[in-house]
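Please read the structure below before turning to the comments.
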Amino acid sequence: MTRAGLVALLAVLVALPAAAGRSAATGGVTVSSHALPSGHGRVLRAPGVGRFDLVGFRWRGNGTVWFETRAADGRWSAWQAPDDDTPSWTGISDGLRYRVRGDVRRLRAFTIWSPVEHRVFRTLSVAGSPPIVSRHAWGADELLRRNQPRYAPAVRLVFVHHTATPNSYTPDQAAAIVRGIDVFHVRSRGWNDIGYNFLIDRFGRIYEGRYGGMTRNVIGAHALGFNTGSVGIAVIGNFTSAQPPAAAIRSLERLIAWRLDLAHVDPVSKLVYVSGGSERLRAGTKVTLRAVSGHRDTGSTTCPGTQLYRQLDGIARAAEQIGLPKLYAPLVRGKIGGPVVFGGRLSSALPWTIAVDGPDGKTVARGSGVGPSIDWTWSSAGVPPGRYTWTMQAGPNVIPARGVVGGSPLPPPPAVSPLAGLTVAPGVVSPNGDAFADSTAISYTLASRSAVTATVEDASGVIVATLFGGQKQSARAISFAWSAGGLPDGHYTLRVTAQSDDGRSGSATAPFTVDRTLGFVTATPASVAPGGGVSAAFVLAGDAQVTVSVVGPDGSTLSVLFQGALGEGTYSYPWAAALPGGAPAPPGQYQLQVAAVDALATVVQTAPFQVSPATP
């Protein structure tokens, strides 16, 4: 978070139209931009401000801005100063007042409306990570992103931030804050995506931040001049004077332990980083940093707040102890044709091995040893040129290191498919016009805007139908009904492929069956008195083993009316609305159930009917 006179304030809990200035809406989040006069020393009210739940400021100059907001009940908040690159959560507000001190030019406020939604978060674990709420789960708008992610050769350290927003938010508001920060970073800061790689709320929930893969070295926008090779983690809240919640600290320790373990970085180590140029450290400046640093270590900011900053060394020590044993600082020096030196360090004395594989994938050299230090030299004289890869391991409980001899580490794993969760339900379709399973629902989820093609293959793999080809679909959960009426009875496979705008591709398949053997199941009349007669009727379009039964209100089978082989034809079987012992069936909702087993599938259809109370 850089100071640069920027802060964000989060707006109201209900989506309302943005007033005044320029506005833009994306994914249900609305941002309005308001140009404001400086009015030095005076309290001014921002004109034309509608309801909001976040707000942020940008300006030029080294002066300061203070603001207060009016809640829905007409009360004004305490005065506060914008801080850092994140919007501030205000709750439901409809008024904004501000004052400036010093050199403040081109002042602009951004009011944000990020609707609060109740979401049941399903977390995921990636490569042994702690539970993480994915971008899809917290509601990221993948069409908001401006460009494809960029990647660093390696991760070297973590920067801890706070969002400088109030600490009293609810679990549902936390996700709204994340969505508001995402939109603010893109719409007002002009960044490609949310700046942080991860965020943590006060309840300990971890959120996936910048798009591109949680295990990959995604370059964020959280620490100007120090983004390449660093992971930005923001704890949602303001910890200038307040202590960070214990749940958030525990999640921060676990996240740092996992992410730095993937990078083989010791959390309590230090490194020298050459600044790329920040508001505090000009380009080319060499800076000694901790592997777990605070934003204030490189930027002109108080982030991550004094109380959180004081705990960073303890957090690093805790992270070092989580997930032991570990492999640190793997290093390979040399090129093919000469000596290649391998080195590294283990958190404890362990047996270790190094394997070098040739261009054909076969192992051409192997070294081993025992101890906390790894040191082995491979003489590659006379080895033919080519691409040689290496793997450094220390047992099943240590994350191995891999790379290319004389080159960079191995490329990151391929991007996750933009397509997930393909289903066809029901899996047996009976398009015979009887209003039972005449169509099926096709569902899947797109993580980003993609060109989607859906085809149907028969049992031999031949495409027999195309639902659509190259259709542009936005990132969302997609579901639609489809009738397989043009297909003969048989087994099929639905294949859906997606080519996303960011260059990823993915494919998924789902089997289904077309079977018209059973149809037009009815129970007549729809309501009978106890002891009355019900006719169970159905139509068979071919040979099948059939069972006709009556299911009672409690779901149990009361009577089997027929069981055996039947051919094509129309059939009817009576039931006297009586229990097996002959007593009248009690009042309630019943089901006629017909199950037909043929060469393709088992098809079950039901028809409801009512047994009415006896009239006196």
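I'm checking my understanding of the structure. Among residues of segment 331-344 that are under 36 Å from the mean Cα position of the chain (by Cα) and among the hydrophobic types (A, V, I, L, M, F, W, C), which one is surrounded by the fewest Cβ atoms within 10 Å (Cβ to Cβ)?
Result: L331.
When you scan segment 345-363, do you find a residue that is under 35 Å from the mean Cα position of the chain (by Cα) and crowded, with 19+ Cβ neighbours inside 10 Å, even just one?
Yes; the residues of segment 345-363 include at least one that is under 35 Å from the mean Cα position of the chain (by Cα) and crowded, with 19+ Cβ neighbours inside 10 Å.
Please list, ordered by first then second residue, the pairs with beta carbon atoms under 7 Å, 6 or more apart or interchain, first in segment 434-454 and assigned to a loop (DSSP other than H, G, I, E, B), second of a type in the set (S, T, Y).
What qualifies is F436/S430; A437/S430; D438/S430; D438/S483; S439/S483; S448/S500; R449/S474; R449/S500.
Kindly establish whether G581 is under 49 Å from the mean Cα position of the chain (by Cα), modelled with pLDDT under 90 and surrounded by fewer than 17 Cβ atoms within 10 Å (Cβ to Cβ).
So G581 fails the test.
From the list S77, S38, S88, which one is surrounded by 15 or more Cβ atoms within 10 Å (Cβ to Cβ), within 27 Å of C303 (Cα to Cα) and free of Cβ contacts under 8 Å to residues at least 24 places away in the same chain?
Within the list S77, S38, S88, the selection yields S77.
Hey, among the residues in segment 73-108 that are part of a strand (DSSP E or B) and among the β-branched types (V, I, T), which one's nearest to R45 (Cα to Cα)?
Checked segment 73-108; the qualifying residue nearest to R45 (Cα to Cα) is V100.
Report, by residue number, each residue of segment 477-528 that is surrounded by 16 or more Cβ atoms within 10 Å (Cβ to Cβ) and in a loop (DSSP other than H, G, I, E, B).
A484, L487, D489, D501, D502, R504, D515, R516, T517
Which ones in segment 139-158 are modelled with pLDDT of 85 or more and touching a Leu at 6+ places or on another chain (Cβ under 9 Å)?
Within segment 139-158, V155, R156, L157, V158 meet the criteria.
Does Q589 meet the test of being loosely packed, with under 14 Cβ neighbours inside 10 Å, assigned to a strand (DSSP E or B) and under 48 Å from the mean Cα position of the chain (by Cα)?
So Q589 fits the description; yes.
Taking R280 as the residue in question, decide whether it is outside any loop (DSSP other than H, G, I, E, B) and crowded, with 17+ Cβ neighbours inside 10 Å.
Answer is no for this residue.
Of these, N227, N238, which one is in the same structural domain as H162 (by TED's automatic domain parsing), closer than 18 Å to I181 by Cβ and out of contact with any strand residue (DSSP E or B) (no Cβ under 8 Å at 6 or more places or on another chain)?
N227
The values are calculated or read from the model by the stated rules, or taken from the named source; none is laboratory data. Keep in mind that what you see is a predicted model, and the values were worked out from it rather than measured. Cβ sites come from the backbone with ideal geometry, for glycine too, and all protein chains shown count toward neighbours.
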